[in-house]
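Just below is one structure, and these are the notes that go with it.
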Amino acid sequence: MLFTLSVQLTAQTPDSIKRLKEVVVQAYPSEQSLLKTSSSAVIISRAEITKQAGNTLVPVLNSVAGIRMEERSPGSYRLSIRGSLLRSPFGIRNVKVYMDQFPLTDAGGNTYLNLIDINSLAGIEILKGPDGSLFGANSGGVVLLKTLPATSPGTKLDADLQSGSFGLFRQSARMDKKSEKLQFSISQAYQRSSGYRDNSSFSRKYVQASQRWRYRDIAELGGLVFYSDLDYQTPGGLTQAQYLQDPTSARPATAFLPGAAEQQAGIKNKTLFGGVSHQTSISSQFRHVMAFFGALTDFKNPFITNYELRDERSAGLRTYLEYTSNSRNSVNWKLNAGLEYQVNHSGIKNFGNNRGSVDTLQAADEIKTDQNFWFARFTAEIFARLNLEAAASLNYFRFNFRDDNVAGSEFNQRTFKPKIMPRIGLSYELSENASVRSTLSKGYSPPTVAEVRASDKQINTALQAEEGWNYETGIRLRDASDRFFADASVFYYRLQNAIVRRVNADDTEFFLNAGGTRQLGFESEVSGWVIQPKSSGAIRGMQLRNTITLNKFRFSNYQIGSQNYSGNKLTGVPKNVFVSSIDLQFPKAFSLYFQHNYTSEIPLNDANTVNADAYNLIRAKAKMPVILSAETQLELSVGVDNLLDEKYSLGNDLNAFGGRYYNGSAPRNYFFGVKVSL
C-alpha cells in the first residue's frame, strides 16, 4: 500500500482543463501557439503528471505517442523518441534534454534523467523528431523540463510522505512563491524502495532551487541548482527459463561469473548541477539571452565483471540574439542566432569487483569532450495564416583521450567533421480551428563517452556519428469551444551509420556502426470532453483521450560478419502502442482516472528470433477532496497499478549474450494517499 501526506499553502489551479488557445510551446526562444507550430510538439502539464502514482516518470511519458520509456529496475531509466533503444543499455542517448534554459545532456552525450525527482517538475515539453536548429546534435528529439509553474501571485507549500509496496517510502517538500518581479521554487525529496526483484533496491536524496527575477523592466535573471544522491541496484537480465520460473530473482551466478547480488551490482551517482541565465531587451526589437551552466558528477558502477569509477566535470554556455520585426503589415518575422558550447572531462577507472568492493586496478583513461554548435532560426507569419520556419545549426564535436596507466602518455584526438543540421517547417491555418504542417529536418548524433569507452575498456576511435533525414507531415484540429483536440502525423526517417550495442562473451559491451534504418511511422492523439466540466449533475465532467503509435521500422544495409539483418524489424521497437484514458469528475470534486496501455510484442535481438510478449497495463486512481475550512482542504486518493496482474518485462536487455533478455516488472500493486491544502 502507498500512503501520501501533502500540505499546501494556497489552492491549486486546475490546469488539466486548459483550453487549447492558451497552450503554447515554450521550447523555442519565443512562445509559439501549439496550433501554429510546425513541430510535432507535446505539452504535459503538472496536473497530467500528478494523475499518476507520483514516484516515476515512466507512465507519464509512455502516454505520449512515439515515446517509449523503460525502467529495468527502479531508477534504471531508458528513453527513446521514435526509435530504438539499441544504443542505450541504460540511460538516454541521441535525445537532447534541457532543464529550463540549461542542457541536462552533457558534452559527452550522457543524460542522467534518473537524478531528477518528479515533484520538482512543473511541466514537460517534447519535440519529436530531430531538431538541431536550436538544440544541436540529436537524432531523436528534444525534451524540455520546466521547474517554475505558471501560477498566480502568492505562496504555495507542499509536503509529501509516501510509503508502499516493495518497501517504498517517499518524502518531499516544495515551496513556490510568485510576486510581480520575482518567482522562485525550492523543492526537496527523499525516496527509497526495496524493489520487486532481488538486488533492486533504490534510494535518492534530492534538493533543487530555481528562480526568475525581473530586476528591471527590461532585464531578467534566472537560476537553477540541484543536488542529487542516487543509489540503486541492478538485478541483471534473466533467460526466458529463469524469467518464467522466478521473475523476482536477480541474475544468478554461472560457472564462469558471479551473480548480480553477490557482486552488489548497481549505480551510485552524486551530481551537483547549476546554471545562471540573463536576458535583456536591448531595444523594442532586440533581445539578448546568456546562460552559463556546469555539473560535477561522482559516478560508481559495481558490475559483475568489474568496478568502474568515473569523475565527471562539465561546463558550458548558451547565448543568442533575437530580432523581432515591428512590421504592421501582412508579414511578421523573427530571427534568432547564437551559440551553445560545452566541455566535459571524464576520468574513468576500472577495478576488479570483489563482492561490491574495489579490487585491483584494470584500466584508467581520461576523455575530454568538446561539443559546440552555432545556430540560426528565421520564423515568419504571413497573412496571419502561413507560418514559415527556416533554421540550421553547424555542429562541431571532438574528444581527446589518454591512457593513464601508461606513464608519460600523451592525449590523442578524434575530431569529427562539422555537420550542418538544417530544418524547414511550414504550418498553415486552414481556419481558426485547423492547421496542417510539414517539416524536413536532419538528425545528427555523435557517439557518447559511454560508447567511445564502453565496459570493454577500449577506446573506440572507429565509431562514426549517426545521421539521417526526417520527412514529416501532420494535421491539428479542435472545435470552436476547445472541447475537442486531435493531432496526427506521418513521418519517414532514414538513418545512416546507426550505432548499435553488442555484448562480448565475458558480458562486457562495445558499440559499432551497423548500416542504417528506415523508419516509417504514424502517431495520433485525440482528446475531448464528452461532458464539459460543470457545477451540477451526477457526472460533472468526462474527458476521453487516446494516443496511437504505429511503427514500421526496418534495418537497411545492416550486416555483421556473415549475418545480414537487412529488412529485419528494428530491435526493441514495438509495432503498435495504444494508450487510452478516461477522466471522470463527480460531485464534491470526486474524480476517477483510468489509463490502459497496450504494447505489442517487441523483437529482442537483431535476428528477430526472440520477441517479448505483448502486454496490457491498466492503472486507476480515485481522488476525493474534503473541505475542512475556507482555506483548508483534505484530499484522499487510492489507486492500483497493473490491475490485470500482467507478467511483463518493461526494460529488456537487447541482444543480450546467453539469452539474458528479461527484467521482470512489478505485478499488481495498490496505493493510497492523503493530501492537505491550505
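With a 1.4 Å probe and all protein chains kept in place, how much accessible area does L386 have, in Å² rounded to the nearest 10?
Estimated to the nearest 10 Å², L386 gives 60 Å².
Taking amide H positions as placed in the peptide plane 1.01 Å from N, state which residues far from R93 in sequence (5 or more) or on other chains have amide H under 5 Å from it.
For R93, whose amide H was placed from the backbone, the distant partners under 5 Å are L79.
Once you list every other residue whose beta carbon is under 10 Å from the beta carbon of F397, what net charge do they have if Lys and Arg are +1 and Asp and Glu are -1?
In short, +3.
At a 1.4 Å probe radius, which order do I92, I282 fall into by accessible area, largest first?
I282, I92
What are the lysines whose alpha-carbon lies under 16 Å from the alpha-carbon of K621, with same-chain residues fewer than 8 places away excluded?
In chain and number order, the partners are K51, K675.
What is the calculated FRET efficiency for L520 to D311, with r their C-beta to C-beta distance and R₀ = 51 Å, to the nearest 0.05?
Rounded to the nearest 0.05, the efficiency is 0.75.
With a Förster radius of 51 Å, plug the Cβ-Cβ distance of K588 and Q563 into 1/(1 + (r/R0)^6) and report the FRET value to the nearest 0.05.
0.20
Using the structure shown, select from K146/K419; K300/K647; K96/K181; K146/K205; K96/K205 the pairs with a Cα to Cα distance greater than 22 angstrom.
Distance filter (> 22 Å) returns K146/K419; K300/K647; K96/K181; K96/K205.
How large is ³J(HN,Hα), in whole Hz, for each residue of region 556-568 in order, when computed from phi with the Karplus curve 6.51 cos²θ - 1.76 cosθ + 1.60 and θ = phi - 60°, using x for Gly and Pro?
Each residue of region 556-568 in turn: 9, 6, 10, 9, 10, x, 8, 8, 10, 9, 4, x, 6 Hz.
Quick one: ranking M624, M542, M421 by accessible area, 1.4 Å probe, largest first, what do you get?
So the residues, ranked largest to smallest area, are M624, M542, M421.
I need the fraction of alpha carbon pairs in the chain separated by more than 48 Å, rounded to a whole percent.
Here the tail beyond 48 Å accounts for 11 percent of pairs.
Could you pull out every residue, at least 5 positions away or on a different chain, whose amide H is within less than 5 Å of the one on L644? Hs are placed 1.01 Å off N in the peptide plane, and Pro or chain starts have none.
Amide H neighbours of L644, under 5 Å, 5+ apart: I618.
Extending each Cα 7 Å along its Cβ direction at L628 and S283, get the distance between those two points in nm, one decimal.
5.8 nm
Using the Cα centre of region 51-194 as origin and beta-carbon charges of +1 (Lys, Arg) and -1 (Asp, Glu), tell me which of G75, L115, S152 is placed farthest towards the positive end of the dipole.
Most positive-ward Cα: G75.
Once you charge only the Cβ atoms, +1 for Lys and Arg and -1 for Asp and Glu, what is the size of the charge dipole of region 230-379 about its Cα centre, to the nearest 20 debye?
On the way: 14 positive and 13 negative charges, 134 e Å.
About 640 debye.
Report the charge-dipole magnitude of the chain in Debye, nearest 20, computed about the Cα centre from +1 at each Lys and Arg Cβ and -1 at each Asp and Glu Cβ.
Dipole of the chain, to the nearest 20 debye: 1140 debye.
Please identify every one of the trypsin sites (Lys or Arg not before Pro) in region 436-509 that sits in a loop by DSSP and has no more than 13 other beta carbons within 10 Å of its own beta carbon.
none
Taking the full set of protein chains and a 1.4 angstrom probe, give the accessible area of W374 in square angstrom, rounded to the nearest 10.
Approximately 140 Å² of W374 is accessible to the 1.4 Å probe.
Counting DSSP beta bridges with both partners in the chain, what percentage is antiparallel, nearest 5?
95 percent
Summing -39500 (n - 2.57) over the DSSP H runs of n ≥ 4 in the chain and dividing by its residue number, what mean residue ellipticity at 222 nm do you reach, to the nearest 500 deg cm²/dmol?
Calculated at 222 nm, the ellipticity per residue is -500 deg cm²/dmol.
When the solvent-accessible surface of protein heavy atoms is calculated with a 1.4 angstrom probe, in what order do F383, F286 fall, highest first?
Numbers: F383 145, F286 85 Å².
So the residues, ranked largest to smallest area, are F383, F286.
Kindly write out, for region 41-48 in residue order, the coupling ³J(HN,Hα) from the Karplus curve 6.51 cos²θ - 1.76 cosθ + 1.60 (θ = phi - 60°), rounded to whole Hz, with x marking Gly and Pro.
Result, rounded to whole Hz: 10, 10, 10, 10, 7, 4, 4, 5.
Tabulate in residue order the Karplus-calculated ³J(HN,Hα) for region 575-592, using 6.51 cos²θ - 1.76 cosθ + 1.60 with θ = phi - 60°, rounded to whole Hz; enter x for Gly and Pro.
With coefficients 6.51, -1.76 and 1.60, one gets 6, 9, 9, 10, 10, 10, 8, 9, 10, 10, 10, 10, x, 6, 6, 5, 9, 10 Hz.
Take the Cβ-Cβ distance between N354 and T461 as r, set R0 to 41 Å, and report the resulting FRET efficiency rounded to the nearest 0.05. Could the numbers behind the result be given before it?
On the way: r = 32 Å, r/R0 = 0.78.
Here the calculated transfer efficiency is 0.80.
List the GluC sites (Glu not before Pro) within region 363-435 that DSSP assigns to loop and that have no more than 15 neighbouring Cβ atoms inside 10 Å.
E410, E432
The values are calculated or read from the model by the stated rules, or taken from the named source; none is laboratory data. Just so it is clear, the structure is predicted and the values come from calculations on it, not from any experiment. Virtual Cβ from ideal backbone geometry, glycine too; neighbours counted across all protein chains shown. Keep in mind that these areas ignore ligands, DNA and RNA; they rest on the heavy atoms of the full protein, side chains included. Shrake-Rupley method; radii C 1.70, N 1.55, O 1.52, S 1.80 Å.
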